[in-house]
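The values are calculated or read from the model by the stated rules, or taken from the named source; none is laboratory data. This structure is a prediction, so every number in the text was calculated from the model and none was measured. Counting neighbours? That spans all protein chains shown, and the Cβs are built from the backbone with ideal geometry, glycine included. The accessibility values were calculated without ligands, DNA or RNA, using every heavy atom of the protein model including side chains. Shrake-Rupley method; radii C 1.70, N 1.55, O 1.52, S 1.80 Å.
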Amino acid sequence: MTPLAQEAYNLLLAHEYDKALELYRALEKQNDPVSYYYLGYLYFRGLGVNQDAKKAFDYYIESATREVPLAQFEAALMLENGEGCEKNESEAA
């Protein structure tokens, strides 16, 4: 984990969502795979941003295609339940 990613994670744990969001967006610009997962996490839960399941799904999918296991799991759950996307149980499996 890079120092910037660690700082963003620490801010997330400290519930400083606005600051964490800023750092995760900076990491996104660097194409950090895990940043997409955490951006999805923030959007799905509405932490520091307006809750937006569609954006969350898009971020989870971006992270999942970069082989981040938690993102793959979250994207599959969203597909199974039709949250932020069209329900697709076969794709979720």
Residue count, the stretch 4-35 (criterion: open to solvent by 50 Å² or more (accessible area, probe 1.4 Å), closer than 19 Å to Glu62 by Cα and in contact with a Leu (Cβ under 6 Å, 6 or more places away or on another chain)): 0
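Test of understanding: among Tyr36, Tyr59, Tyr41, which residue is within 11 Å of the chain's Cα centre (by Cα) and closer than 17 Å to Thr2 by Cα? Even if it seems obvious, please write down each step before you answer.
Working: Tyr59 fails: closer than 17 Å to Thr2 by Cα; Tyr41 fails: closer than 17 Å to Thr2 by Cα.
Tyr36 is the lone residue from the list that is within 11 Å of the chain's Cα centre (by Cα) and closer than 17 Å to Thr2 by Cα.
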Residue match in the stretch 15-25 (condition: on the phi > 0 side of the Ramachandran plot and touching a helix residue (DSSP H, G or I) at 6+ places or on another chain (Cβ under 9 Å)): no
Subset of the stretch 78-87 [without any contact (Cβ under 8 Å) to a residue 24 or more places away in the chain and either open to solvent by less than 60 Å² (accessible area, probe 1.4 Å) or in contact with a Ser or Thr (Cβ under 9 Å, 6 or more places away or on another chain) (or both)]: Leu79, Gly82
Residue in the stretch 36-53 that is farther than 20 Å from Leu12 by Cα and open to solvent by 20 Å² or more (accessible area, probe 1.4 Å) present: no
Residues within the stretch 63-87 that are within 18 Å of Leu27 (Cα to Cα) and out of contact with any Gly (no Cβ under 8 Å at 6 or more places or on another chain), tallied: 6
Checking Glu67 against (1) acidic (Asp, Glu); (2) in contact (Cβ under 8 Å) with a residue 24 or more places away in the chain; (3) surrounded by 15 or more Cβ atoms within 10 Å (Cβ to Cβ), the condition it does not meet: (3)
